[in-house]
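Below is one structure, written out as structure tokens; the observations come after it.
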Amino acid sequence: MTVKETIQQACGSVINGLGAIDLQLLKEKSRVFLSWSSRMLHIRQRYIFTKENKLRLRYVASGFCLLFATSIFALTLSQNAAALNSQTMASLSIIDRDNAAADAAFNDAQRSLSSLLDNRLYGKFSLASASVPSALKQPKDEVIKIQPGDTLGVVLQDKGVGSADVNKAITAMAEHYDPRYIKAGQEIAMHFDPTDEGDYRFMTMKIDLDPIKTVVVERDGDDFRSELLERAVEKVAHAKDARIEVSLFGSAGKAGIPKGVVADVIRVYSWDVDFQRDIRQGDALEVLYDSFETEDGFVAKNGDLRYAKLVVGGIEKPIYRFEMSDGRVDYFSPDGTSIKKTLMKTPIDGARMSSGFGMRKHPVLGYNKMHKGVDFAASRGTPIYAAGDGTIEKAGRNGGYGNYVRLRHNGNLKTAYAHMQKIKSGIRPGTRVKQGQVIGYVGTTGRSTGPHLHYEVLVDGRQVNPRSVNLPIGEELVGKDLANFKDMVKQVDREYAAMRREMEYAQGRSSHRGSQRYN
């Protein structure tokens with residue numbers, strides 16, 4: 001067999017092996033290799049011949065090594081590897097013996113290989129124009145922040161979600177959350193999976209409704225389903241104190257006491273303390289309260305105010321929350337006497353007394369006139385509380401009083417509230433209300449120069465100075481309730497003292513110093 005026939009046979013074996021390869025696999029696995037080998041086959045003449053036009057054997061050997069390496073790679077995927085190997089070794093032996101024959105054989109082999117590749121491979125796909133699949137796309141996640149004016153449907157469609165999927169997803173979500181209530185600033189976490197067609201398919205979205213609740217919408221075949229996830233919370237006790245420097249709210253805030261707890265303190269003490277006139281610099285506050293928190297310390301909500309001690313002008317006023325045997329809950333002084341009087345001294349939170357009871361120059365009429373009540377300046381919309389248990393006697397417009405509510409507490413005692421922005425829904429004549437219940441909101445209706453509450457106390461139908469009314473003492477615990485209360489007071493005092501010691505000596509520990517988690 002001649003050198004040319006030997007090489008042509010070897011090349012034929014190579015191409016037969018290539019023909020046995022799955023073209024899809026060849027596209028994916030050999031794209032780079034084929035491009036590289038194609039470039040190698042088009043070797044410039046000066047790399048093959050010397051100046052004397054003699055063949056450079058080292059380059060011929062390199063070319064054939066590349067050719068036969070290609071044949072070995074292809075034939076490992078076919079059943080012709082052994083035959084190709086013997087032909088390859090025979091060809092190399094002939095080339096070593098006959099340089100001139102190798103020269104001619106090299107040129108013939110190059111043309112044969114090029115022709116065969118064109119017919120067997122390039123006829124099916126061209127390296128220059130082949131549609132080679134790109135790397136598989138990865139799943140993707142996006143977080144979108146709702147902008148003013150956005151709706152959930154529009155946001156989803158802007159991200160390429162089809163209208164049918166949008167409608168199904170929103171319908172599923174409505175089981176737990178009305179998408180119409182979505183607000184600017186809320187974030188939507190979306191997840192997409194790649195498809196065989198090279199697109200993406202909407203799979204999941206999550207919306208945090210608050211730090212505790214998350215609504216999740218997931219694809220379920222061609223439909224969607226939703227669920228509401230809630231993070232676990234546990235009850236935690238906190239013991240804190242504050243020295244009043246400028247204001248109760250400001251000093252308590254610096255001590256880490258939540259505003260809601262301070263509001264509870266004001267509400268509970270309001271029938272015994274005037275927080276605008278009685279509180280002074282140097283006074284103090286102690287509190288023991290519960291909160292409901294997640295494992296990482298987020299406060300979902302505040303719980304009960306269990307104990308408080310307000311020091312006013314050097315006088316200590318401790319109170320304890322206690323549930324009586326009949327289920328009623330109240331706050332009592334250490335001797336078991338309720339601190340509730342018949343009326344609250346201040347039926348509004350955080351207000352400033354702007355005008356007292358007595359003669360004054362009327363701010364609207366311009367002449368001296370008896371002011372038969374007390375004015376509390378407060379921002380518009382501040383809640384107004386019922387000063388005591390009673391029945392609504394009048395609720396509505398009342399001349400210069402504007403929006404007006406009058407309560408009857410007993411046979412001879414009434415209270416009135418004027419200039420309200422609005423009366424709370426459900427407050428109407430004949431309605432029974434509890435002390436501390438919201439009955440309306442601060443406004444400036446009627447004959448008024450600015451938002452404030454005009455508060456009156458009427459005894460036997462006559463307005464009197466609220467600060468001079470001799471109010472009766474509230475309920476006193478007796479019997480088993482008193483014994484249980486005394487035991488609870490000792491337990492609360494021990495708990496507060498232990499938690500305060502922990503806070504004082506546990507420097508450098510967690511942010512829950514002065515706190516205790518319940519088992």
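Scanning region 145-156 for residues that are of a type in the set (Gly, Ala, Ser) and either outside the structural domain of Asn167 (by TED's automatic domain parsing) or surrounded by 10 or more Cβ atoms within 10 Å (Cβ to Cβ) (or both) yields a single hit, Gly153.
Yes or no, residue by residue, for (1) under 16 Å from Trp271 (Cβ atoms); (2) among the basic types (Lys, Arg):
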{"position": "Gly381", "(1), (2)": "no, no"}
{"position": "Ala387", "(1), (2)": "yes, no"}
{"position": "Ile392", "(1), (2)": "no, no"}
{"position": "Gly400", "(1), (2)": "no, no"}
{"position": "Val405", "(1), (2)": "no, no"}
{"position": "Lys414", "(1), (2)": "no, yes"}
{"position": "His419", "(1), (2)": "no, no"}
{"position": "Ile423", "(1), (2)": "no, no"}
{"position": "Lys434", "(1), (2)": "yes, yes"}
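Considering only residues in region 257-274 that are hydrophobic (A, V, I, L, M, F, W, C) and more than 26 Å from the chain's Cα centre (by Cα), the one that is nearest to Gly388 (Cα to Cα) turns out to be Trp271. For region 174-202, a residue qualifies if it is more than 14 Å from Pro139 (Cα to Cα) and not in a loop (DSSP other than H, G, I, E, B), and the qualifying residues are Pro179, Arg180, Tyr181, Glu187, Ile188. The set of residues from region 157-187 being at pLDDT 90 or above and either of a type in the set (A, V, I, L, M, F, W, C) or not assigned by TED's automatic domain parsing to the domain that holds Thr204 (or both) comprises Val161, Ala164, Val166, Ala169, Ile170, Ala172, Met173, Ala174. It is to be established whether one or more residues within region 424-438 are within 19 Å of Asp272 (Cβ to Cβ) and crowded, with 20+ Cβ neighbours inside 10 Å. Checked against the condition, which is being within 19 Å of Asp272 (Cβ to Cβ) and crowded, with 20+ Cβ neighbours inside 10 Å, region 424-438 yields at least one hit. From the list Val287, Val261, Val273, pick out the single residue that is out of contact with any Asp or Glu (no Cβ under 8 Å at 6 or more places or on another chain) and at pLDDT 90 or above. So the residue among Val287, Val261, Val273 that is out of contact with any Asp or Glu (no Cβ under 8 Å at 6 or more places or on another chain) and at pLDDT 90 or above is Val261. Quick check on my filter: what residues within region 276-305 are free of Cβ contacts under 8 Å to residues at least 24 places away in the same chain and loosely packed, with under 14 Cβ neighbours inside 10 Å? Once the filter is applied, which keeps residues that are free of Cβ contacts under 8 Å to residues at least 24 places away in the same chain and loosely packed, with under 14 Cβ neighbours inside 10 Å, region 276-305 yields Asp296, Lys301. With respect to the conditions (1) surrounded by 14 or more Cβ atoms within 10 Å (Cβ to Cβ); (2) not in a loop (DSSP other than H, G, I, E, B), Glu142 falls short on a single one, namely (1). Summed over region 306-317, residues that are assigned to a strand (DSSP E or B), free of Cβ contacts under 8 Å to residues at least 24 places away in the same chain and either among the hydroxyl-bearing types (Ser, Thr, Tyr) or over 11 Å from Val273 (Cβ atoms) (or both) total 1.
The values are calculated or read from the model by the stated rules, or taken from the named source; none is laboratory data. Because the structure is predicted, anything quoted here is derived from the model rather than measured. Note that each Cβ is placed from the backbone with ideal geometry, even for glycine, and that neighbours are counted across all protein chains shown.
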